[in-house]
1. Here is a check on your reading of the model: is G94 more than 19 Å from the chain's Cα centre (by Cα), on the phi > 0 side of the Ramachandran plot, open to solvent by less than 10 Å² (accessible area, probe 1.4 Å) and at pLDDT 95 or above?
2. Only one of these is touching a strand residue (DSSP E or B) at 6+ places or on another chain (Cβ under 6 Å) and open to solvent by 30 Å² or more (accessible area, probe 1.4 Å): K118, K105, K125. Name it.
3. In region 191-206, what residues are over 20 Å from E154 (Cα atoms) and not aliphatic (A, V, I, L, M)?
4. Restricting to region 244-270, count the residues that are over 14 Å from L63 (Cβ atoms) and surrounded by 23 or more Cβ atoms within 10 Å (Cβ to Cβ).
5. Can you pull out every residue in region 70-82 that is in a strand (DSSP E or B) and either among the charged types (D, E, K, R) or open to solvent by 20 Å² or more (accessible area, probe 1.4 Å) (or both)?
6. Among the residues of region 225-235, count how many are in a loop (DSSP other than H, G, I, E, B) and either of a type in the set (D, E, K, R) or surrounded by 15 or more Cβ atoms within 10 Å (Cβ to Cβ) (or both).
7. Name every residue in region 40-49 that is buried (at least 17 other Cβ atoms within 10 Å of the Cβ) and either over 17 Å from the mean Cα position of the chain (by Cα) or part of a loop (DSSP other than H, G, I, E, B) (or both), in order of residue number.
8. What's the total number of residues in region 114-137 that are touching a Lys or Arg at 6+ places or on another chain (Cβ under 8 Å), at pLDDT 90 or above and not in a strand (DSSP E or B)?
Amino acid sequence: MHKRLPLCLVILVLSLGCKNSSNTSETPGSITEPVPNDEPPAITYTVMNALPHDTSSYTEGLLMHDGKFYESSGAPQEYDKTRSIVGIVDPVTGKIAVKAELDRKKYFGEGIAIVNNKLYQLTWKNFDGQIKKGFIYDLKTFKKLGEFDFPSNEGWGMTTDGKSLIMSDGSSNLTFLDPVTFKTNRILGVTDNNGAVGNINELEYVNGNILANIYETPYIIRIDANSGKVLGKADFTSLVQEVKLKSTDAEYMNGIAYDSAKNKIYVTGKLWPNIYEVRLNN
């Protein structure tokens, strides 16, 4: 009489046979293709130095002009110690020597830019339901020279290419304004391989490109100022984590300044204890 194989042995033989059969019939076309990486090229960075920064400054704009840091801040209603001010940063203490101040119950200070010895300041929106405003100051005296309207619903970050005021409004568009007439010269849509890039905040123009903070993230992107294409993306997660270990009050990263004379880039954030000199490695 023929002896039956144990059931477990039969299952094992069948499974091995199926596996071998599967391997011999496999074709190159059945191999899973790698998923393409649609993220912009990564920009690495090195922290070169740490300078003091005013921890009461809810930073909305940062720039360097003639070797001095100029900073603007906003004043969230929930933070009593904050003020909507513009001033020059003391390099030793990090404190802001106040040159202009807005009524925090009426206006929320935002980005700043300097063109032709005038400092321009945006406001986010005011608290009276009236039209948001921009302000113009004489750079030497900080005497208020005038006000201006802008087409965007809100004012966020601002920089300049020396010809236009370039402003963000939290969308994926950058608006180029004539600094005399305040008419729109052009609107630049910012895109990467995945489409439009929104929440663009503080800006800094650097040699034909625009560096931009992405609101509520540790990312800074590099934008081609002509095409709007995102050329690269720097992830400052480790620096943000380090900052929050130093100060539990520290909030989002915001603030980029460029020293064109020394080719140095600086970054900071809202209520941060330091301004950091960073080198972008690529």
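The values are calculated or read from the model by the stated rules, or taken from the named source; none is laboratory data. Since the structure is predicted, the reported quantities are computational estimates derived from the model, not experimental observations. Note: ideal-geometry Cβ built from the backbone for every residue, glycine included; neighbour counts use all protein chains shown. The accessibility values were calculated without ligands, DNA or RNA, using every heavy atom of the protein model including side chains. Shrake-Rupley method; radii C 1.70, N 1.55, O 1.52, S 1.80 Å.
1. Considered against the rule, which asks whether it is more than 19 Å from the chain's Cα centre (by Cα), on the phi > 0 side of the Ramachandran plot, open to solvent by less than 10 Å² (accessible area, probe 1.4 Å) and at pLDDT 95 or above, G94 comes out as yes.
2. Among K118, K105, K125, only K118 is touching a strand residue (DSSP E or B) at 6+ places or on another chain (Cβ under 6 Å) and open to solvent by 30 Å² or more (accessible area, probe 1.4 Å).
3. Hits for region 191-206 are T191, D192, N193, N194, G195, Y205.
4. Qualifying residue count, region 244-270: 2.
5. Matches in region 70-82: E71 only.
6. 2
7. Result: P40, I43.
8. 2
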